[in-house]
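> This is the structure I want to talk about, given as structure tokens.
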């Protein structure tokens, strides 16, 4: 039976291809592995025949059901959602149509077994993707097999060494952190075969690390870890593609970075942080994280925590300058001023604090519920003053204040809104970093002010350190603002608020 895949495929595939910072062949391989991982596979077997221009991938995952197999061929829909895995868009085979003459796909699940032949056919001077049902059934187990009849012999999908490089670049954690993935019940141990040869982690030219630290991160009293971090310091310089800290989710390395640290001996440091829950913040290309909305807030919270852990390890090895403890009175006063300013600028509060309200029925000292009438809306000005206070109102005072609002007969119990006092601004530290040109920078939720900078030293000699520090704090916080015009506007508002403080 002949089926047509809807949508203007040419523009669709071109738009998808442009999302990736690497070749379409590499993108195909990355997406295919992602789809296999989402199918809970433990084996991904690659077979290539350069002479016949055939690339084949077979996994032993759960396979697709009939509806899923039909949607697999449909360009306009996807049966995966963000947060369910790293292959949420199911783009591997669709992208492969760009570089293949035909694609043979066989899938087998508990309740379905099907095979298709997918290709482009010309219709009214335009090419359209169509697929045919095939009677062939050869897969001996549940899973999926895709076979590409490639257009060109030069494709990297026909070169085993290039495939090995791509797999290690994007999916190295699957080969080194399998115990962690099993402990959080994410993946079983995943094995890759390249024409029958087992894919192994690369041997670094420096041998083993000189020093390393690895630990699991837990939340509260939970025994189940939510992340794993490993940092390594080697004796000699590492290959460039191994330097830095790899941020990974679901076994896929998203990017490598230095977590905003200026490190001595950067070419000798490598590491990885695996955080499965960051899958919610992935971009479609899986090469970065989204920075806006709820997913963006989750990424920023992780980023700040990771920066603190990494810096702590670097300080232990004396690879970064330790924070200086300035005058306690000066630091407290500066933080108080910054907190008040940030509390009055909503555009900065998304990074350094959010209003929080809790509702609940109040109990008296004997444990009985105190009935209260539904309260009228809170005065915004009064509410703001309460929240900005550094000393929250004690529960006893809050209960005493509402105890007089007794219930009349027939009234219902209503929850009481309580405002929780929170700090809006960042913490502030001083550090001597003569090797850095930065006046200040952010590390996690802390502003680092460089006391070795000539500007700071001149401000200290002229006794205008407070003004200098406010400028430094503002510049550090505004690094997250995307455009120069927005940065300038927020800087002017920041300093204007400071000028109006009494």
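> Suppose the filter is without any contact (Cβ under 8 Å) to a residue 24 or more places away in the chain and assigned by TED's automatic domain parsing to the domain that holds residue 241; does residue 221 pass it? Break it down into steps so the answer makes sense when it comes.
Details: without any contact (Cβ under 8 Å) to a residue 24 or more places away in the chain: yes; assigned by TED's automatic domain parsing to the domain that holds residue 241: yes.
Taking the combined requirement at face value, the residue satisfies it.
> Kindly establish whether residue 260 is modelled with pLDDT under 80, within 23 Å of residue 443 (Cα to Cα), part of a loop (DSSP other than H, G, I, E, B) and over 16 Å from the mean Cα position of the chain (by Cα). Don't jump to the end; show me each part of the working.
Values: modelled with pLDDT under 80: yes; within 23 Å of residue 443 (Cα to Cα): yes; part of a loop (DSSP other than H, G, I, E, B): yes; over 16 Å from the mean Cα position of the chain (by Cα): no.
Considered against the rule, which asks whether it is modelled with pLDDT under 80, within 23 Å of residue 443 (Cα to Cα), part of a loop (DSSP other than H, G, I, E, B) and over 16 Å from the mean Cα position of the chain (by Cα), residue 260 comes out as no.
> If residue 310 passes every condition in (1) in a helix (DSSP H, G or I); (2) modelled with pLDDT under 85; (3) surrounded by 13 or more Cβ atoms within 10 Å (Cβ to Cβ) but one, which one does it miss?
(2)
> Give the residue, chosen from 459, 433, 452, 476, that is surrounded by 21 or more Cβ atoms within 10 Å (Cβ to Cβ) and not in a strand (DSSP E or B). Explain how you work it out, then say what you get.
Values: 459 fails: surrounded by 21 or more Cβ atoms within 10 Å (Cβ to Cβ); 433 fails: surrounded by 21 or more Cβ atoms within 10 Å (Cβ to Cβ); 452 fails: surrounded by 21 or more Cβ atoms within 10 Å (Cβ to Cβ).
Unique residue meeting the criteria: 476.
> Any idea which of 269, 245 is under 22 Å from residue 441 (Cα atoms), more than 14 Å from the chain's Cα centre (by Cα) and buried (at least 20 other Cβ atoms within 10 Å of the Cβ)?
Values: 245 fails: more than 14 Å from the chain's Cα centre (by Cα).
Among 269, 245, only 269 is under 22 Å from residue 441 (Cα atoms), more than 14 Å from the chain's Cα centre (by Cα) and buried (at least 20 other Cβ atoms within 10 Å of the Cβ).
The values are calculated or read from the model by the stated rules, or taken from the named source; none is laboratory data. Note that the structure is a prediction, hence the values are computed from the model and not measured. Glycine gets a Cβ as well: all are built from the backbone with ideal geometry, and neighbour counts include every protein chain shown.
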